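Below is one structure, written out as structure tokens; the observations come after it.
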Amino acid sequence: MFFALLFSGTEVFSQIIDKDTSDVVIRKTKKDIPAEYNISDVIIKLDKLQTKYIIRVDLDIPLKTTLKLSVSDTSGNTLMYLINDQTFKSGVYRVRWEMLFCRSSDCDYPPGRYLCEFETDQFIFQRDFYIK
């Protein structure tokens, strides 16, 4: 994990960014070259033990690109980087990761709205998703 301090006026906010990407799986799903950059809707399922959410999103990349893929809360705080300045060849990719399942507000990923942001040097795409 990475710990950052954010300053806003005289207030100091702490932010923990999950840098452990060991549970992030990225694979190319199609050799087709998409016409434009895009991020699909975010798909969420519970794992078999119902302890983690399995989350996936598809990325369309028309040109070789260095990109970031991150998850943020509604305050704009980045919670995790799924992809951080990695270069990908053109194609369609599926990114899969896990978030712990909890029903209270005092855990790392409480129920609520989150944003998945796909960023290149030319574009920023966002998709929101909800953890129940």
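The values are calculated or read from the model by the stated rules, or taken from the named source; none is laboratory data. Because the structure is a prediction, the values reported are computed rather than measured. Cβ: placed from backbone, ideal geometry, glycine included. Neighbour counts: every protein chain shown.
Cβ separations smaller than 6 Å between residues 6+ apart or across chains give the following pairs from region 93-122 residues that are closer than 30 Å to LYS31 by Cα to residues that are at pLDDT below 85 and surrounded by fewer than 16 Cβ atoms within 10 Å (Cβ to Cβ): TRP97/ASP23; GLU98/ASP23.
Taking (1) crowded, with 16+ Cβ neighbours inside 10 Å; (2) in contact (Cβ under 8 Å) with a residue 40 or more places away in the chain in turn, ILE61 satisfies each apart from (2).
Would you point out the residue of region 71-102, among those that are in a loop (DSSP other than H, G, I, E, B) and polar (S, T, N, Q), that is farthest from LEU115 (Cα to Cα)?
Taking the candidates together, the pick is SER90.
Scanning region 32-70 for residues that are closer than 22 Å to PHE123 by Cα, of a type in the set (D, E, K, R) and part of a loop (DSSP other than H, G, I, E, B) yields a count of 4. I'd like to verify a number: residues in region 20-40 that are surrounded by 12 or more Cβ atoms within 10 Å (Cβ to Cβ) and either within 22 Å of ASP73 (Cα to Cα) or at pLDDT 90 or above (or both), how many? Result for region 20-40: 12.
Answer yes or no as to whether THR78 is in contact with a Ser or Thr (Cβ under 6 Å, 6 or more places away or on another chain) and without any contact (Cβ under 8 Å) to a residue 40 or more places away in the chain. When the stated conditions are applied, THR78 does not pass them.
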